[in-house]
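J.: Quick one: this structure, given as structure tokens, is what I'll be asking you about.
The values are calculated or read from the model by the stated rules, or taken from the named source; none is laboratory data. Keep in mind the model is a prediction, meaning the values are calculated, not measured. Here the Cβ is made from the backbone with ideal geometry for all residues, glycine too, and neighbour counts use every protein chain on show.
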Amino acid sequence: MRPGEPKKGGGGGMFTWGRADDMSNYKHIEEDLNDPNYESDPSIEYHESSLNSSSSKPVTITSQALPTSLTQEYWLFDHQELRKETRGKVDEVFTQGTYSGFITWLRSLKRNKLHSYIFARTVQVTLDKTESEHEVAWGLLELLSTAKLFTPRDIRRGFDRIYRNMNEIMIDAPNAPEIVLELLANTVIGKALNTNSIIRVPSSVYNLGQGSYVLRNVKQEMVSVVDGVRNTQEIVVGDLIETIAETKEKIVEMIREYYASGVSEGVIEYTKMNKIYGSIVVRKAVELALDRNNKDKELCSRLIGELSGYCAPETLVEGFDDILWNSKELIIDVPEAGDIISKFLARAIVDDCLPSNYIYEAEIMHDENIEILISAFNLLKTKEAYTSLQSVWGPQVSSIDEFKQIFKTIIIELFDSKDLKNAEECLKELACKHYMHEFVKKIVEAVMDRDENEENIVVELLKNLQIRGIVLENQIARGMERVEENLQQLALDVPKAADILARLKVKLNS
């Protein structure tokens, strides 16, 4: 045995489920539940079985009707009571030697949103069972993950909950990280989850659970392009966790470049070749857009729409799950993040990037999640939802002529209202730093035949815009140059145009 290896090569000993590649006790399910085109029947049928009997009879779970309105109560449940009840039902499996009581209880809940919580709690309870009870424990977990009792989404969310509570779980089961990773590996190999689930493992759990060893048998083909040549190689998915920090930095940089240029080709090509990182791309795109202007938010929504054409539907769900569950931290940095996320969520549903029932099936981690989901629901329930959400980030500018018309409107409103702040915000939302010389030209020409008070307003506005970084210094200089180039024409209407321009330059430099 090499230093650091699990006992028996990871295939036995206390708190182990058998080797990840040992399929002797594993029943392969031919139907790929993780196929993005797979849809479960409204009535889910599985068999109630006994550990001591080969007889079985069909049991049916009927889908719950969706509500027509949403309040906080829709998501709330008694965590302590469910925690206690789950433990009791799991213990019954071991004392009575049958899964039927557990299945009947699960069926009686009629709340799919509890499934990931129950899955996570069930795993936690089975961790402290004796070695002789592990066969029964594995049978129960196999039933949850492969018999259509829980969906792949339920299981993936369940593992996410386990990772978040790992420190608490390790108090009673110090070997929990290793056991959980072996369970994850078996679940992926058995096709109840896809390989993308592996890179969702936090680095802390991966290291504590000896992930480089436990996850060694979970592999996937990855595509790379070097000097225009497309290469395919098989990699150990767990190894990607060791470089996930660098990968996230690369994704963040690509998205920043996209917001600067508006060209999505780089992000799309990267995601097409690295679909395993699709949910990270979605999450980072939204997180980076939270404190940006509305133009970038619109670019983010459009990027999500493009990504939906190349990624499996569940990839988008995973990305928004991560955003939702991390919203409490995001709100600390961007106080209005909750409202913004609800708009991204509603827009993604309208754009068919997320399933229409995502809000109903979403799960919460804290109260902020509920507020976001209710806000998104309210945006979607109106008759005009499609039209209004298509412009949820405001009117979008796509041509130079549109910019010119908007500049003209801003200038007219400024002289009418004298509201500098409003003009600054309108220009900021346009996010066209490299075309602001046109605005400078237009407002300087417009003030030529106005009084000194309005002249001072223009000077103050241009100074404020430069200080805030809305208009770059070179754009102001270029705008003034263009006015100077047009002085001869301006002088026909304003004979003292040259003097006014000179005076404005002095004021701007003072």
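J.: Please verify whether segment 207-225 includes one or more residues that are within 25 Å of Arg83 (Cα to Cα), at pLDDT 90 or above and not in a loop (DSSP other than H, G, I, E, B).
T.: Of the residues in segment 207-225, the ones within 25 Å of Arg83 (Cα to Cα) are 209.
Applying the additional criterion that residues be at pLDDT 90 or above yields none.
Within segment 207-225 (the criterion being within 25 Å of Arg83 (Cα to Cα), at pLDDT 90 or above and not in a loop (DSSP other than H, G, I, E, B)), the answer is no, since none of the residues qualifies.
Results for (1) of a type in the set (S, T, N, Q); (2) modelled with pLDDT under 90, shown as yes or no for each residue.
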| residue | (1), (2) |
| --- | --- |
| Glu234 | no, yes |
| Glu249 | no, no |
| Val281 | no, no |
| Ser301 | yes, no |
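J.: If you don't mind, another one. Just to check your reading of the model, which residue among Lys272, Lys250 is in contact with a strand residue (DSSP E or B) (Cβ under 9 Å, 6 or more places away or on another chain), in a helix (DSSP H, G or I) and closer than 21 Å to Glu318 by Cβ? Don't jump to the end; show me each part of the working.
T.: Values: Lys250 fails: in contact with a strand residue (DSSP E or B) (Cβ under 9 Å, 6 or more places away or on another chain).
When all the criteria are applied, what remains is Lys272.
J.: Looking only at segment 407-432, count how many residues are surrounded by 14 or more Cβ atoms within 10 Å (Cβ to Cβ) and of a type in the set (Lys, Arg).
T.: 2
J.: What tally of residues in segment 339-392 results from selecting those that are assigned to a loop (DSSP other than H, G, I, E, B) and under 26 Å from Ser116 (Cα atoms)?
T.: Number of matching residues: 11.
J.: Ok, one more. Return the total of residues in segment 56-90 being at pLDDT 85 or above and either within 30 Å of the chain's Cα centre (by Cα) or surrounded by 11 or more Cβ atoms within 10 Å (Cβ to Cβ) (or both).
T.: First, the residues of segment 56-90 that are at pLDDT 85 or above: 81-90.
Keeping just the survivors that are either within 30 Å of the chain's Cα centre (by Cα) or surrounded by 11 or more Cβ atoms within 10 Å (Cβ to Cβ) (or both) gives 82-90.
Result for segment 56-90: 9.
The rows are residues; the columns are (1) surrounded by fewer than 21 Cβ atoms within 10 Å (Cβ to Cβ); (2) polar (S, T, N, Q); (3) over 20 Å from Pro152 (Cα atoms).
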{"site": "Glu314", "(1), (2), (3)": "no, no, no"}
{"site": "Asn326", "(1), (2), (3)": "yes, yes, yes"}
{"site": "Glu329", "(1), (2), (3)": "yes, no, yes"}
{"site": "Lys343", "(1), (2), (3)": "yes, no, yes"}
{"site": "Ala348", "(1), (2), (3)": "no, no, yes"}
{"site": "Leu354", "(1), (2), (3)": "no, no, no"}
{"site": "Tyr360", "(1), (2), (3)": "yes, no, no"}
{"site": "Asp367", "(1), (2), (3)": "yes, no, yes"}
{"site": "Leu373", "(1), (2), (3)": "no, no, yes"}
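J.: I need the full set of residues from segment 419-435 which are hydrophobic (A, V, I, L, M, F, W, C) and in contact with a Phe, Trp or Tyr (Cβ under 9 Å, 6 or more places away or on another chain), in order please.
T.: Leu427, Leu430, Ala431, Cys432
J.: Is segment 45-55 home to any residue that is in the same structural domain as Ile162 (by TED's automatic domain parsing), more than 14 Å from Leu114 (Cα to Cα), at pLDDT below 50 and part of a loop (DSSP other than H, G, I, E, B)? Spell out the reasoning first.
T.: Taking segment 45-55 as the starting set, the residues that turn out to be in the same structural domain as Ile162 (by TED's automatic domain parsing) are 45-55.
Checking which are more than 14 Å from Leu114 (Cα to Cα) leaves us with 45-55.
Pick out the ones that are also at pLDDT below 50 and you get 45-55.
So of that shortlist, the ones also part of a loop (DSSP other than H, G, I, E, B) come out as 51-52.
Yes.
J.: Taking the conditions exactly as written (within 26 Å of the chain's Cα centre (by Cα), more than 21 Å from Leu82 (Cα to Cα) and of a type outside the set (A, V, I, L, M)), does Arg164 satisfy them or not?
T.: no
J.: For segment 296-305, what are the residues that are surrounded by fewer than 20 Cβ atoms within 10 Å (Cβ to Cβ) and more than 27 Å from Ile155 (Cα to Cα)? Show your work before the answer.
T.: Looking only at segment 296-305, we keep the residues that are surrounded by fewer than 20 Cβ atoms within 10 Å (Cβ to Cβ), and these are 302, 305.
Within segment 296-305, Arg302 is the sole residue that qualifies.
J.: I've got another one for you. Only residues that are in contact (Cβ under 8 Å) with a residue 24 or more places away in the chain and part of a loop (DSSP other than H, G, I, E, B): list them for segment 292-314, please.
T.: Initially, segment 292-314 is screened for residues in contact (Cβ under 8 Å) with a residue 24 or more places away in the chain, giving 292-308, 310-314.
Answer for segment 292-314, where residues must be in contact (Cβ under 8 Å) with a residue 24 or more places away in the chain and part of a loop (DSSP other than H, G, I, E, B): Arg292, Asn293, Ser308, Tyr310, Cys311, Ala312.
J.: Among Ala289, Ala260, which is without any contact (Cβ under 8 Å) to a residue 12 or more places away in the chain, small (Gly, Ala, Ser), more than 28 Å from Asn207 (Cβ to Cβ) and assigned by TED's automatic domain parsing to the domain that holds Ile331?
T.: The unique qualifying residue is Ala260.
J.: Now for a different question. Could you identify the single residue in Glu429, Glu371, Glu438, Glu361 that is touching a Gly at 6+ places or on another chain (Cβ under 9 Å) and touching a residue at least 60 places away in the same chain (Cβ under 8 Å)?
T.: Glu429
J.: Exactly one condition in (1) at pLDDT 90 or above; (2) surrounded by 20 or more Cβ atoms within 10 Å (Cβ to Cβ) is false for Gln475; which is it?
T.: The single condition Gln475 does not satisfy is (1).
J.: Report yes if some residue within segment 122-140 is at pLDDT below 85 and among the basic types (Lys, Arg); otherwise report no.
T.: Checking segment 122-140: at least one residue is at pLDDT below 85 and among the basic types (Lys, Arg).
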